[in-house]
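Next up is a structure, given as structure tokens.
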Amino acid sequence: MPSPEDAARPPSIMQVVPQAAEKADGERVYRIALLLPLRSEALGRAADALRAGFMAALERDSHGFEVNVVETGDSPQEVLSAYVTAQEKNDMVVGPLARSAVTAIASSPLVEKPTIALNHPELRGDPQLPPQMLAIGLSIEDEARQVAEWGARENPSAKALVISGNSSWQKRIAGAMSAQLQRLGLRPRNVDLTPFNGYLQDSELVALRTRLQSEPAGVLFAALDPDQVRQLKIALSAPPLGDIPLYGTSSLNPGRSMYRAGPELDGVRLLDLPWLVQRDHPAVMTYPQPVPRDEARISADMERVYALGIDAFRIAREIAIQPQRRFQLDGVTGQLIIDFGTGPSWFERAEVPAEYRNGVPVPITQ
């Protein structure tokens, strides 16, 4: 069955991009600037992984396109300057990656050409993007809201408990889960744990078990890492608590190189990208796996960024072909819905529901 993006595809990009540059032989080329913080100490590795994914997708569908990589550091002002130059020399800009840099561009009057931001800006009030800007970053808050909706749908009217560690990313996940559950009409209770050296403390687990015996919960949401949720499941495994459904985000998936066979996590449900949990997905099978450069294995987070690079090129390609339309992509980061060029841009990503079985997250049908 053809994908939605194939259905209305014109025969040649050269016929629909008159503003693109022209080669000496008369062939038109659509130029994309890939604006990444490759000189950043904090984001350089992620930027390199994203570039690799973007180039892997370009290699498969390169006809009519030219990609110019623009390297920057961390400074938003440096990124703004590089962005202006990139717009002058290209037909589209993909980037930047840092949230602060995306915010700086989204808040400026500089966006004149199609721009696909790789993160989400921090805009107060109504976060309206410039008309020519689309934000497609991987958002742990969006993921947490999807998890909350999933858990509430499968456990209607159940008393919900949101369990979080004390790191900033865990608090962001827990906050998004709790807020979404509130919007759905539930009144979630929250438990904030204080892991020591990354591990949950026995005293807190005993207190949580005692609390659940006196104040039962019908569903649990965990803003934890894989080792912490394993501890949690073991602590709650004995009757009468062992059957409480537990949901989490992709933070519960450490990646293929870190799976540990065993029943401890069996039944834990999570959302993640097709790239990580659906290896037989047709789009996933199309692209090469990332190649490690200076480490024995690639982390799950770097795999996710690599996958984002693949989908970033696919989205850029579709917008270049037909800039004003709504379309869908069966992407390696999820089922994507994009509306660009017909008013305020719109982007939505639905990830893959999965459940742990013998130490491995396996896709399930909702």
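The values are calculated or read from the model by the stated rules, or taken from the named source; none is laboratory data. For clarity, every value in this text was computed on a predicted model and none was experimentally measured. Virtual Cβ from ideal backbone geometry, glycine too; neighbours counted across all protein chains shown.
Hydrophobic (A, V, I, L, M, F, W, C) and buried (at least 21 other Cβ atoms within 10 Å of the Cβ), is that true of residue 321?
no
How about segment 160-179: which of its residues are out of contact with any helix residue (DSSP H, G or I) (no Cβ under 7 Å at 6 or more places or on another chain) and without any contact (Cβ under 8 Å) to a residue 60 or more places away in the chain?
166, 167, 168, 171, 174, 175, 178, 179
How about segment 303-366: which strands (runs of 3 or more DSSP E) wholly inside it have at least 1 residues that are free of Cβ contacts under 8 Å to residues at least 60 places away in the same chain?
Output list reads 325-331, 334-340, 346-350.
Which residues, counting only those in segment 273-283, are surrounded by fewer than 21 Cβ atoms within 10 Å (Cβ to Cβ) and either of a type in the set (Phe, Trp, Tyr) or outside any loop (DSSP other than H, G, I, E, B) (or both)?
Selection gives 282, 283.
Let's see how each residue does on (1) surrounded by fewer than 23 Cβ atoms within 10 Å (Cβ to Cβ); (2) within 17 Å of the chain's Cα centre (by Cα):
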| position | (1), (2) |
| --- | --- |
| 90 | no, no |
| 102 | no, yes |
| 118 | no, yes |
| 130 | yes, no |
| 137 | yes, yes |
| 153 | yes, no |
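With 257, 299 as the choices, which residue is modelled with pLDDT under 95 and not assigned by TED's automatic domain parsing to the domain that holds residue 30?
Matching residue, one of 257, 299: 257.
Is it fair to say residue 314 is farther than 14 Å from residue 354 by Cβ, out of contact with any helix residue (DSSP H, G or I) (no Cβ under 8 Å at 6 or more places or on another chain) and of a type in the set (Lys, Arg)?
no
Which residue is nearest to residue 345 (Cα to Cα), if the candidates are limited to segment 94-132 and must be touching a Leu at 6+ places or on another chain (Cβ under 9 Å) and part of a helix (DSSP H, G or I)?
Across segment 94-132, the extreme among qualifying residues is 106.
Taking the options 212, 208, 236, 193, name whichever one is in the same structural domain as residue 152 (by TED's automatic domain parsing), of a type in the set (A, V, I, L, M, F, W, C) and within 29 Å of the chain's Cα centre (by Cα).
Unique residue meeting the criteria: 193.
May I ask you to list the residues in segment 216-243 that are within 18 Å of residue 156 (Cα to Cα) and without any contact (Cβ under 8 Å) to a residue 40 or more places away in the chain?
243, the sole residue that qualifies.
Would you tally the residues in segment 49-65 being crowded, with 16+ Cβ neighbours inside 10 Å and either over 12 Å from residue 308 (Cα atoms) or not assigned by TED's automatic domain parsing to the domain that holds residue 289 (or both)?
Counting residues in segment 49-65 that are crowded, with 16+ Cβ neighbours inside 10 Å and either over 12 Å from residue 308 (Cα atoms) or not assigned by TED's automatic domain parsing to the domain that holds residue 289 (or both) gives 3.
Quick one: in segment 193-216, which of the residues that are out of contact with any helix residue (DSSP H, G or I) (no Cβ under 9 Å at 6 or more places or on another chain) and of a type in the set (Gly, Ala, Ser) is farthest from residue 149 (Cα to Cα)?
203
On to the next question. Could you say which residue among 136, 163 is hydrophobic (A, V, I, L, M, F, W, C) and within 20 Å of residue 274 (Cα to Cα)?
That would be 136, the only listed residue that is hydrophobic (A, V, I, L, M, F, W, C) and within 20 Å of residue 274 (Cα to Cα).
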